[in-house]
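Step one of this worksheet: look at the structure below.
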Amino acid sequence: MKKIFFGILFFCAAANAQNATRSFEEDIQPAVFSISKVMMHDVTNPPAASRFYAYCMIGAYEIVSQNNPSLVSLSKLIKNYTPYIITANKGEYNYKIAAAYCIMETGKLILPSGYMLQDDEDEFVKGLKRSNIPENIISQSMAVAQQVAASVIQYSKGDNYNKLSTKLRYTPLKGDQYWFPTPPAYIEAVEPNWRIIRPMFIESSDQFIPPALTPFSKDSASAFYKLAKEVYFQSINQEQEHINIANFWDCNPFTVATSGHMMIGFKKITPGGHWMNIASIASKNAKLNFDNAILVHTMVSLALMDGFISSWDEKYRSNRLRPETYINRYIDVKWVPVLQTPPFPEYTSAHSVISNAAAATLTYLLGDNFPFTDNSEIIYDIPPRNFKSFNAAAAEAAISRLYGGIHYRDGVENGTKEGQVLGAYIVQKIKAAGIKPLVN
């Protein structure tokens with residue numbers, strides 16, 4: 001855990017050094033990463049993390065859109081959403097300060113350990129004062145951010161999240177084909193009722209049901225057995241590059257290592273957090289101004305939220321067992337996957353779904369031929385990787401689940417198809433709202 005702590009400090013120091021010549025008006029990554037840090041502390045699960053990112057960005061976007069007529073209101077994109085109308089005189093506050101502060105303020109209100117963001121807010125304000133921003137502008141900008149954040153929180157209360165705790169505790173289904181908790185911690189199923197969460201772009205959780213999964217079978221001549229054998233042979237004949245890819249896209253927020261009778265937990269960034277950081281990297285590479293960077297981060301966060309809703313809907317419909325369970329039962333009782341198996345059903349691969357949805361959104365806004373270096377995992381001593389496009393990154397994220405031994409090939413490929421169709425729908429909605437590509 002100490003290693004992870006110092007890794008976060010290193011990442012922040014590197015970011016601060018990189019941004020030493022950049023003002024708050026040019027870079028929102030520190031504010032977004034402050035949200036990620038708290039979620040790592042809280043061990044926020046992947047679908048919940050996507051929800052938190054979305055709400056943290058909504059308020060910031062609305063502040064910007066009410067000060068920049070070229071950005072359409074989210075009421076044109078999100079069904080039954082009415083934005084808070086800022087009444088403060090535009091000359092009395094700085095909307096960029098308000099937007100950046102709103103990201104953290106919303107996180108402070110919505111995250112379980114949101115109080116930890118107070119230090120980030122205080123440091124942000126100190127930086128503004130060092131830049132000789134007038135006190136009255138700072139205080140009024142903070143007030144606007146707080147008003148908008150409170151409005152966003154009120155809106156979030158209608159998305160059924162508070163109903164999740166009223167559901168009966170999940171009990172694994174009986175049957176050899178169904179998901180069952182996996183070693184080493186045998187953690188219970190994560191968010192089995194996530195399908196009830198109100199989506200952002202899509203109409204319902206089951207709008208994009210993926211192709212039918214390969215039928216379960218114990219027969220060694222069956223298609224399903226062959227899927228499992230592929231995972232097994234992939235892991236025992238693994239190329240180092242495939243291991244590197246698996247580790248790079250692991251994004252398991254909480255893994256457990258055993259040492260004798262001890263269990264040690266390790267915290268990591270979520271898949272959504274990884275793609276939010278890619279949004280930050282891309283915004284810098286494209287030299288986007290503050291307003292457009294907010295646009296990119298917001299659209300990606302909304303796509304991620306809907307991607308998890310869609311994926312989780314299928315996961316608990318098909319409820320398929322993980323490769324680790326099947327292989328240990330029918331092929332090799334001692335086999336262990338390269339990555340630790342996440343605690344929820346296999347089909348489809350959520351990485352495949354959300355990565356392709358995010359990639360489609362980024363590709364529309366920033367272009368298909370967009371090379372970038374992804375350093376999102378540097379805090380875990382995992383080297384950066386280079387990609388020629390967002391779609392190339394999404395393809396690698398998807399296949400990494402097979403390399404990691406935690407998904408079958410059809411879960412990866414059909415999850416990719418699910419994410420691509422979902423992504424195309426989101427892009428269509430963005431286009432229809434009048435949002436145009438930012439890079440020609």
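The values are calculated or read from the model by the stated rules, or taken from the named source; none is laboratory data. Given the structure is predicted, the values throughout are model-derived calculations rather than measurements. Neighbour counts are summed over all protein chains in view; Cβ atoms, including those assigned to glycine, are modelled from backbone coordinates with ideal geometry.
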(Q) Going by what's in this entry, would Asn132 be described as part of a loop (DSSP other than H, G, I, E, B), free of Cβ contacts under 8 Å to residues at least 60 places away in the same chain and either under 20 Å from the mean Cα position of the chain (by Cα) or not assigned by TED's automatic domain parsing to the domain that holds Glu191 (or both)? (A) yes
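Does Ile327 count as closer than 28 Å to Phe387 by Cα and among the β-branched types (Val, Ile, Thr)?
No.
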Q: May I ask you to verify whether Leu117 is closer than 18 Å to Met39 by Cα and either in a helix (DSSP H, G or I) or touching a residue at least 40 places away in the same chain (Cβ under 8 Å) (or both)?
A: yes
Q | Sole residue being within 26 Å of Ser65 (Cβ to Cβ) and basic (Lys, Arg), chosen from Lys315, Lys268, Lys334, Lys287 | A | Lys287
**Q.** Positions within the range 95-131 being within 17 Å of Val64 (Cβ to Cβ) and among the basic types (Lys, Arg), in sequence order
**A.** Lys96
(Q) For the range 70-77, check the following and say yes or no: at least one residue is more than 20 Å from Gly107 (Cβ to Cβ), hydroxyl-bearing (Ser, Thr, Tyr) and either assigned to a helix (DSSP H, G or I) or in the same structural domain as Glu203 (by TED's automatic domain parsing) (or both). (A) yes
Q: Would you mind finding the one in Pro210, Pro183, Pro199 that is in contact (Cβ under 8 Å) with a residue 40 or more places away in the chain and closer than 30 Å to Lys334 by Cβ?
A: Pro183
Q.
If Ala143 satisfies all but one of (1) surrounded by 14 or more Cβ atoms within 10 Å (Cβ to Cβ); (2) within 30 Å of Ser217 (Cβ to Cβ), what's the number of the condition it fails?
A. (2)
Q | Per-region count, the range 266-284, residues over 16 Å from Thr361 (Cβ atoms) and polar (S, T, N, Q) | A | 1
**Q.** Scan of the range 174-188 for residues that are among the hydrophobic types (A, V, I, L, M, F, W, C) and modelled with pLDDT under 95, ordered by number
**A.** Ala185, Ile187
Q) How many residues are in contact (Cβ under 8 Å) with a residue 40 or more places away in the chain and of a type in the set (Ser, Thr, Tyr) if we restrict to the range 135-171? A) 5
**Q.** Subset of the range 338-359 [surrounded by fewer than 24 Cβ atoms within 10 Å (Cβ to Cβ) and either over 16 Å from Pro253 (Cβ atoms) or free of Cβ contacts under 8 Å to residues at least 24 places away in the same chain (or both)]
**A.** Val338
(Q) Looking only at the range 182-217, count every residue that is exposed (fewer than 13 other Cβ atoms within 10 Å of the Cβ) and touching a helix residue (DSSP H, G or I) at 6+ places or on another chain (Cβ under 9 Å) and tell me the total. (A) 4
Q: Would you please list the contacts, defined by Cβ atoms under 7 Å and residues six or more apart or on different chains, that run from a residue in the range 390-414 that is more than 15 Å from Phe370 (Cβ to Cβ) to a residue that is basic (Lys, Arg)?
A: Leu402/Arg409; Ile406/Arg322; His407/Arg401; Val412/Arg401
Q) Could you list, in sequence order, the residues of the range 235-251 that are in contact with a helix residue (DSSP H, G or I) (Cβ under 6 Å, 6 or more places away or on another chain) and not in a loop (DSSP other than H, G, I, E, B)? A) His242, Ile245, Ala246
Q) Do we have Asp176 as surrounded by 11 or more Cβ atoms within 10 Å (Cβ to Cβ), farther than 14 Å from Asn94 by Cβ and assigned by TED's automatic domain parsing to the domain that holds Tyr408 here? A) yes
